[in-house]
Every structure is written in C-alpha cells, then in structure tokens.
1. What pairs can you find where one residue is in segment B:582-610 and free of Cβ contacts under 8 Å to residues at least 24 places away in the same chain, the other is assigned to a helix (DSSP H, G or I) and crowded, with 16+ Cβ neighbours inside 10 Å, and their Cβ atoms are less than 6 Å apart, with a gap of 6+ or different chains?
2. Facing chain B (nearest Cβ under 10 Å), over 20 Å from residue A:178 (Cα atoms), touching a strand residue (DSSP E or B) at 6+ places or on another chain (Cβ under 7 Å) and surrounded by 24 or more Cβ atoms within 10 Å (Cβ to Cβ) - does that describe any residue in segment A:3-24?
3. Among B:64, B:110, which is the only one that is on the phi > 0 side of the Ramachandran plot and in contact (Cβ under 8 Å) with a residue 24 or more places away in the chain?
4. Of (1) closer than 24 Å to residue B:360 by Cα; (2) surrounded by fewer than 18 Cβ atoms within 10 Å (Cβ to Cβ), residue B:10 satisfies all except one. Which?
5. Considering only segment B:39-54, state which residues are surrounded by 24 or more Cβ atoms within 10 Å (Cβ to Cβ) and not in a strand (DSSP E or B).
6. The conditions are (1) surrounded by fewer than 24 Cβ atoms within 10 Å (Cβ to Cβ); (2) within 14 Å of chain B (Cβ to nearest Cβ); (3) over 20 Å from residue B:472 (Cβ atoms), and residue A:108 fails exactly one of them. Which is it?
7. As an exercise: evaluate residue B:533 against (1) outside any helix (DSSP H, G or I); (2) surrounded by 21 or more Cβ atoms within 10 Å (Cβ to Cβ) and give the number of the one condition it does not meet.
C-alpha cells in the first residue's frame, strides 16, 4: 500500500471511539479544529502521538486515530519528553487542562517549557475541575463559587501565559474554543514552531463553569473583549476597529482611535520576538479593563532539547567512536588469573 | 597463620591468608579514596577483596567530630571472601573521633596506627573527649603505632611550595604509603592514579602526593616499632581476566549490556538521590554507546519520561532509592497498565522517610511488592553482590521485554558502594534476546489490537511510526484485546488475573533456585539481596563445624522460583536473616505457610558473619 500520495482528510484522524464529553462542551470544537489542522500539517497519523494527563481534556487521545497515551495526572509533559528524546522523528502533542498542567503537573509544565522540547502543548483552560465535578482550579478567579469553595475562591489565580513567559517558553499563544478559524490557525502555527509550543485555549465547561469566557466567545462581545495579535501590526481591536493598545512608559493603555488624537503609528506594534518583559505586559491584559490578547504572544527559535541532547550523543560518538563494551570492561586496571 | 617468611630490605615479611583493614578519618580526609586505592591495588595483586565504605550523609560534616567520621573497610585475602570482614586486623585512625568510634572492632593485639598530630586538646574537645584515648590503659590491648603524619607529610612536601592546606591534604597519601609498605602493596597503580587525577596545572600536587606516598612507605621501612611487614598471596579465583568493580558501576554496565543484547538504545532517566546517583554519573559518561541520560526535574518525571521512551520503543530505565520509589509508585502502576517494558531500580538505603541516606537496609521489599494502588503486582529481582548487579539488570530487562511489564530491581547501599573482583565477561558470548515490534495489523476484521496476547500473555510492543497500527493506551481499565476503555466487571476481573499471571509467568523465564549445601537438613538459611556474602560465609562456617545447614539465596523475589516450596519443605527449620523487620519472612510465611524464623537487624550496617553464625548454631543445637 502506498500511503505517500494519499491526501489526508480530517476523517483520517478520527478514531472509532465514541466521544464521551458532555454535549455542548468546548472540547468538541478543539477536537474538530485539531482534526482539520492535522492533515494540513502533512504529518501522517502514524508519526503523530497525543499524550495527555488526567481530566476531561485528557480523554482527547482516544478520539484521534494516531498513537496516543492517556497517562496520569499532571505527568503528560514528562512522558512526552521521554518519548521525544527517544524518538525525535515523531510529532508529539500534549493535551492538558488547567488543573492537570498548572496544579498537580505544574513542575513538569515549567520544566518542559524551559527545556524547549519540540512538541506542542495545548492547555484547555476552563477555570474549573470538570471530571471531578466542579472544584475550583488554579485558574479559577477570586471569589468564584464552586463546590469546594461555597464562599468563593480565596486563592489568586495563575495566569498561564505569564507562567509560560517565566518558564522561558519559546512559543506562546492563546485562542478560544468557539473562534474556530483563529483556533485552527494558532494550532497550525504551534505545529510549525520548532521547540515547545504552548497554546492556552479558552474552553467553556458548560456544566460546571458555563460562560466563564463568554466575553471572549460570544460574537456580540468578543471583538471588544479580545485583541488579535498579529506580528508587525498595531494592536487594534473593537467591532469598528476603533480602539488600540498603546505603551505608555512601562504601562499599557487602551486608546481611542476614532477621535483622531491617536494615530496607528502611536500604537504598540506586536512583535513576536520582543523582549519577554513586553510579552509579560501583554499577558497581564485582563477583561474587562483590557481586551485579552489572542494569537501568538511569542515565537522565537532556540535549539530544541532533543537536538541538544542528541547532539551530545553524536559528538561523543564522533570523538570516541561508537561504544565498545569489551573495551570498556577491559579499561583501567585488570589482572589475569591463569588456569 | 604464618606460612612462610621472606625479607624485603631489612625486615621480615610474614605471609598471612587474609587481612582486614579499616581506614577512618574526617569526611574530607580522603578516606574513601584511600580505601578504593587499597582495594584496587590488592585486587591487582590477585587477592580476593570485599569492601565496606561507610560515610556520613553530610559532604563535609564538622571537622574532627564523631558525626563527621568517614571510614572504608577492606578485606583482602588469598582465598575467596564474600564480606569485608567482621573484625579488624588493623585500624588507621586520622583523629580521636575516628579512633573512639571504630576501636571496638579492632581485634586484641591488632595494629592501631594513628596520626599523632591530631590528638591535641582541641581535637579531643571536638571528639568530646576529656583525655586522650592514646593514654588509656586499654591501649595495651593493641599494637599502637603513633605517627606524626601531619608533620612528616609537611616536611616531605616542602619542596613543592604548596599552601599549608594543600600540604596537609597529602597526609592521606602518607598514611597510604605506610599501609602499602605494611602489607606489601605495589604502589604502581596508585601512582598512575595520582598522576592521572592531578594532571595539567596540578602537577605540583601530583608530585607532592607521590612524595607523601613514598615517604609513608619509607617510614614503615625505617621505624623500629614496625618490626615486620605482611603480605597476602593471590587468591585462587576462577581463571579469567579480572577487574575491580563497584555495585553501581556494574549496574550501569549491565544496563549497557542489556541494551546491546536487546538491540535497544538505553534511555536512562533519574533524579539525584543517595546512594543511586553514581549510576547516573556513570551512564552520563557513555553517550558514545548511544545512551541518552536525562536528569529529570523530579522522581516522577524520571519514571514518566522512561515510560515515554519505552512507548517509543527504547529501553526505558529509571533508578532511585526508597523515597524516590515512593514518588514513582503511581507511574509504575501506569506502566503496568500500559504493559510496557521498563526497569525501576531501587538502591535501598535506611528508611523510613529520609532515614539514613548513606547507610544500608533491605526495608523496601514490601514497598516495591505492594506499594501501589490496586492489584498491581510486578516482578522483583534483587542483586546479591556488586558484580551481580551486572547480571541482574540483564535478567530484569529480559523479563521486561518478554512479558511487556515493568520490572523492579533491588540493590542497596552496601552493594552499590561495595567493590569486588569481577571476572570480565566475553562480550561475544552475551546472547541476544529477541525483541520484536509488529509491523502488521493483528486483526483482520478491524483496527490493530494492542492487547492481543502471546502464550506468555505479553502484548505486542507496537511503536509509534508504524503505519496501520495506531492505537491508544492509558491508565484506565481496558478491554482485553482491543485495549478500548472498559468498565465491564467481568473484563476487569479478567484483566487483573492476566496481569497477575504475567508476573507468575516470569518464573518460566528464570532458572530454578539453587541451594548451597545439603539438599535437606536441619536448617535452611533463606536470604536475599546484599546479605549474600555474610550469609554464605556463615553457612559455610557452620557446615565446617558439622552442621546440616544450607543456604538458598534468592535473586528472584517475585515470582519466587518455581521450586522454592519444595526446597523449604526439606529442612526442619527455615531461618531468614534480613536487614529489616522481617519482610521476606512475611512473604514466605504467607505464601508457603512455613513457620520461618527471622533474624533481623536494622542498624544501617550489614550483617557480620559471626552474628549470623551464632544464630545458625543457636537454631541447630
């Protein structure tokens, strides 16, 4: 069978398993966009591996007809790191949630990013624990009423993008489950980036935290509540494209373009290669004071972890020749006992 | 004990069958280095050797204190030895704290060499002593040799212009030179070591150390207090080429051999922990063998990354000690559910919790047997000596690949840091073992079935990159065959049984248990792990004393060898010595319903031969 010439379609990436997410869950949309994007990336299903932890999102691997591991809570980045070191030829995706990656798996998450393993990590952020039925998560907002916080959340939430910047991530992006065109484009760019690509997806849990991101999802509000990041372009947003983001000293501010006092050139031009300090400012833009940026925050190319690790192995072979067990065993001081 | 005498320069040489020496000093005094050199040199002279390094967990514990004492014991002999020796023929003590904490093990009439310069009042105070132990009347029991090591070393190395501190550091080589003269040890290997270690810009230090070593030797030749020296003939070991090997080193090399035998690249992930870290250091040096070493962010990441590598078709290995194994438990359960080959190696140390990081213990057996949620049995193997680490990890990887299962290997601090002569294997005789990755779909009626099993109940190791075999695995219970998620009660029971039977099937891949001694008798000593040497020596001594006693030393703890039940039935009593509260005994009692007797010690120290011997005699009266 010659598969090389076959043009892959979304259906080629659909598994035969029944999908068990709640009806109306944002995960469906992310799965659909992933299946749409995978054929466009041009990597065949057998070269693709999805690795997940535990949580609603982590059931994802069962629903794509690639290789996959549904691992344990929080540890998908570690499993994926081992796989990618062992098999740099594979295209590896980590599917995780806000609890999985930022609470129990926080350690692995930051170390994955700093190492820059060439894989894509998609964080389904719904600001709630869904699979355990509605406890607050590390991205739940202060005051949020959940089953485990009947009087409201008192923790301060983690900002996934800010964490990623602190962890030296080379590719950081955000999208929204219902904004399918945007989501598909971000997933595709994540796949193209060499190194760890981190994508936060605002995902609606319609059962336990419905509407948490409605401002960014609803067609009526999203143009004013989000700003699309485009490399080299001024940060303009609003239904009528009449508002912009300006850097004033070391502070960002929303400015009105309609009255003509501020020109486009005065706005902040988005630069994916900018200093992380500036990217950090973008990550702090929160609704409703600011439109929340979606798109690629940061995209810089550093050597990947597996290239560095494999590079040392290659270098060692070059310098010392391929390992010879007998030579190793006989190295150093030996003596012979005669018969 | 004297067999013959000859003379070197002036003084006579007495040949003895074996010598046990312990070198003790501050943890920064270089006692471990000294001990390793003496061991290596003795091995090169053809002696059989066994060692026991014993050091504090602190890198540089407070100087001169009892807590900071670091020691290295070595027995070298003209016959086979399996332990570092119970009592000392000679003790070299570099300060009062080292002396008082170790003197009890020196035999009456034994040689006691001390650095006289470090018995000043301040040294005594650090050791919490009011008077010098050297003035104590009990010293008459020993042949005390007081040597001004600090002063003599300083004088010997003045020409090299070292700082006071650097010059002082050479005194361990002075002590070494004296010990080398005393036991007729050839200095060549140590001189090679010195010049290799202090090369380049450190040549002055190398020259000074050499001078100190030679000065120590000359001192022995000269002083009247040492009227003679000793020597030990080569041991009659099995013919072959030998080298000295330490447990962690042998373990690392065994992993290299296992990778080669299975045609796999070794992926080794770990998080630093005493006493397992040396395996990481060792393997990190062998990248030219295609070894990928990964120092993970924590113990869990280490085991999980090894699982990822195994899923990708490589040889996934992680090592740790007890506390780290506790952290890996959940992931070990995952690997068991994924049915992937994986090695999890536990170099045991004193527990619980942080416990005694640098001391030895055998108290993780039940942890690795049962320390996971659910019905989660795994094969468990245990190395019995430093050299055996080489073999046991190969056995383990063979089982892991043939059964598609994670396998636990137990070592311990005593084995890990201990050394013995190792007969170098002929690499061409290391047989390959077959590891296959399917290329064809095993299901003519639909998608590939990742949990379709062979006669050993192993599932196929299909790896990513193989067209047509895409499948998903996970920690959720799965339907046998298809691997699809299944909450069906009958299926769960079936899968639990299959996973247990897989472990049981390991016995089919392993040799039956052998017994050292009579096939039946009054007492069977049943032991496992690092106590092998002491148990063997004690049993042999009891056999020489006419006792009908045998030793069965287990290397395979789960499953037990298929003939073990028959063996147990042939002896009137079963004695199980362990460095724990009776963990193997619990397993043996529950499995075979035999009234096994325990002999248990939990002091962070290995068994002495004599305490085991006495227990054997007590039980065979």
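The values are calculated or read from the model by the stated rules, or taken from the named source; none is laboratory data. Here the structure is a predicted model, which means the values were calculated and not measured. Here the Cβ positions follow ideal geometry from the backbone for every residue, glycine too, while neighbour counts run over all protein chains shown.
1. B:598/B:585
2. So far as segment A:3-24 goes, no, none of its residues is facing chain B (nearest Cβ under 10 Å), over 20 Å from residue A:178 (Cα atoms), touching a strand residue (DSSP E or B) at 6+ places or on another chain (Cβ under 7 Å) and surrounded by 24 or more Cβ atoms within 10 Å (Cβ to Cβ).
3. Details: B:110 fails: on the phi > 0 side of the Ramachandran plot.
Of B:64, B:110, the one residue that is on the phi > 0 side of the Ramachandran plot and in contact (Cβ under 8 Å) with a residue 24 or more places away in the chain is B:64.
4. Evaluating residue B:10 over (1) closer than 24 Å to residue B:360 by Cα; (2) surrounded by fewer than 18 Cβ atoms within 10 Å (Cβ to Cβ) leaves (1) as the failure.
5. B:39, B:41, B:42, B:43, B:47
6. (1)
7. (1)
So that you can scan it fast, the table gives a plain yes or no per residue for (1) crowded, with 17+ Cβ neighbours inside 10 Å; (2) in contact with a strand residue (DSSP E or B) (Cβ under 6 Å, 6 or more places away or on another chain); (3) modelled with pLDDT of 95 or more; (4) under 30 Å from residue B:337 (Cα atoms):
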{"site": "B:506", "(1), (2), (3), (4)": "yes, no, yes, yes"}
{"site": "B:540", "(1), (2), (3), (4)": "yes, no, yes, no"}
{"site": "B:559", "(1), (2), (3), (4)": "yes, no, yes, yes"}
{"site": "B:575", "(1), (2), (3), (4)": "yes, yes, yes, no"}
